[in-house]
Amino acid sequence: MRAVRERIPVVVQRNSRGRRIAARGLWTGAEVVVTLGVVLLLLVVHQLWWTNRQARADAEHRVQALEREWSAPQGLQDGGSGDGDGDGGGGGDRAGSGRAADSGASGGRSSAGRTAPSAAPRWDQAYAVIRIPRLGLTAPVAQGISKHGVLDRGYVGHYPGTAQPGRPGNFALAGHRNTHGEPFRYINRLRRGDRIDVETRDAVYTYTVDRTLGQTSARDSGVIAAVPRSNVKPYAGYGTPGSYVTLTTCTPEFTSRYRLVVWGKLTDVRAR
């Protein structure tokens, strides 16, 4: 008879310690990924929701404060015009903004026949309200276009060096398209004939949308010139003096690479 060989099973023991280290490493990596995801989500929520909520509340409060100030007797208006907004950012641009405002509001008569204000708005001071019925937009207009003092507060900023509301020249404005109240989020929806109302202490100036420029360089200063005309696309703009309004914002959305421009002409002035 043949001898039956008995096979002895061999048990191979794997390195359990190595498995534990690998598992711990995978778990730690997963925790890091989840934590980073949560942090990024919080940043997105902060930028897209919280900054809008905060800026819109600030802008609404400012509009209400201006309306109360304008409806008060003239003596109270003169005595209580300070609202603290003039202490905002602006740094070295303050002197330049003063010169610009002087050139745009240095006396004379408005198209309504009323004396235009001789005092320039303080830097970062909200002094007007813009209303665009098609967009359901109501926002304060402040002097200057600094981010901290104006745009990030949900305000629309007035470009220093351009005309004041109702005056001959170009009343040029800037506003965020995304985050921080995003007042100019949907100005791409404006069409020829749409109304833009700008209210000040003295009058309501109505501009009618006339032309748009879907995209131009962020350095295209021609779009906010006294006679607005693009330096990049010379066919876009005007060739004769008048009383214009210019709305500018970033495009495409969530970038600041280019500028979107909407132009309008002054068509009506109503005294308050």
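Between residue 171 and 163, 244, 245, 246, the built amide H atoms are under 5 Å apart, and every one of these is 5 or more places off in sequence or on another chain. With a simple spin-label model that places each label point 7 Å from the Cα along the Cα-to-Cβ direction, the separation between residue 68 and residue 16 comes to 7.3 nm. Close amide H pairs (under 5 Å, H built 1.01 Å from N) link residue 268 with 206, residues at least 5 positions away or on another chain. Note on residue 219 and residue 26: their simple-model spin labels are 5.3 nm apart, each label 7 Å out from Cα toward Cβ. Extending 7 Å from the Cα toward the beta-carbon at both residue 134 and residue 208 defines two label points whose distance is 1.3 nm. Here the dipole of region 134-269 is about 360 debye; that uses its Cα centre as origin and unit charges on the Cβ of Lys and Arg (positive) and Asp and Glu (negative). Between residue 149 and 89, the built amide H atoms are under 5 Å apart, and every one of these is 5 or more places off in sequence or on another chain.
In order along region 142-156, the phi-based Karplus estimate (6.51 cos²θ - 1.76 cosθ + 1.60, θ = phi - 60°) of 3J(HN,Hα) comes to 10, 6, x, 10, 5, 5, 5, x, 10, 4, 6, 8, x, 7, 9 Hz; Gly and Pro are listed as x.
Values quoted throughout were computed directly from the atomic coordinates according to the rules given, and no laboratory measurement underlies them. On a predicted model such as this, the values are computed, not experimentally measured, just so you know. Don't worry about glycine lacking a Cβ; one is built from the backbone with ideal geometry, like all the others, and counts go over all protein chains shown.
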